[in-house]
Each structure stands twice: as structure tokens, then as C-alpha cells.
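Undergrad: Can you keep this structure in mind? I'll have questions shortly.
Each reported figure results from applying straightforward, stated rules to the coordinates on display, with no laboratory input. Everything quoted here is computed from the prediction, not taken from an experiment. No Cβ is skipped: glycine too gets one built from the backbone with ideal geometry, and neighbour counts run over all protein chains shown.
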Amino acid sequence: MPTFIIKESGAEVNRIVASAEFVADNYEEYELVPVSAEEKNAEGRAWRDSELERTDIMSQTPDWPNRDDWLTYRTTLRDWPSTSDFPDTRPNDPDYVDPETAE
């Protein structure tokens, strides 16, 4: 989630981590804090590592439903940092449902 500088009369009064929608609805003056490439890469790797940890049980259980799809997802996660999509486009897990198409 992004970090925003909350301002009053042009001066910084606070920093918050919140959705852009929340900030726009609740504050008149604000500014998005830019994220460095190193921070984006670190966030991407942390998310990837948490996904690998979350799916460990699936890869270790031979009769897990759709196990082959989960193994493919884990391979995609491991390869993701070396792709041009990293860190901006995260891989979708096999249970992912697109909110726009519901597929």
C-alpha cells in the first residue's frame, strides 16, 4: 500500500499508509511518497517469498487438488524476479479470479 504525505496549508503534518481512494476521500492536501526501485524490488521479493511459503504445503502434498497448477505457479514465482514484469506485475495463483471478468 502506498505512503502519502498529508499536508495543511502546504506543510507536512503527517504520513500515512493507505489506499489512494481513502486519502482522496479524507484529505484535501496530500502527496504520494515516491518509491525507489530498490524498495519496489524488495517489496516484490518479500511478496514472492511469502507466496512460496504459503504454497509450501501444496507442493509437498501429492494429492493436493490442482497440484500441477500450483507447482507451475511456484516455478513462475521463483523465475519472476528475472523477468521484465518484475516487480510491477505479480503472477496470479491458480485460484485467481479477475474482478472485472469474474474468470
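Undergrad: Per 0.36 nm of contour for each residue apart, how much would the distance between residue 3 and residue 21 grow if the chain were fully extended, relative to their Cα-Cα spacing?
TA: Answer, rounded to one decimal: 5.2 nm.
Undergrad: Then there's this: So if I place +1 on the C-beta of Lys and Arg and -1 on the C-beta of Asp and Glu, and nothing else carries charge, what would the dipole magnitude of the chain be about its Cα centre? I want it in debye, nearest 20.
TA: Dipole of the chain, to the nearest 20 debye: 420 debye.
Undergrad: In degrees from 0 to 90, rounded to the nearest 10, what is the angle of the helix 67-79 Cα long axis to the longest principal axis of the chain?
TA: 50 degrees
Undergrad: Also, I was wondering about something else. Find the relative contact order for the chain and round it to a whole percent, using C-alpha pairs within less than 8 Å whose residues are 6+ positions apart.
TA: Over the chain, the number comes to 19 percent.
Undergrad: If you don't mind, another one. For a quick check: sort 1, 58 by the number of other beta carbons within 10 angstrom, fewest at the front.
TA: 1, 58
Undergrad: Under 5 Å between amide hydrogens, which residues at least 5 positions from residue 29 or on another chain qualify, with H placed 1.01 Å from N in the peptide plane?
TA: Distant-sequence amide H within range of residue 29: 7.
Undergrad: Same structure again: Could you work out how far helix 37-54 tilts from the main Cα principal axis of the chain, as a 0 to 90 degree angle to the nearest 10?
TA: Taking the Cα atoms of the chain, the angle to 37-54 is about 40 degrees.
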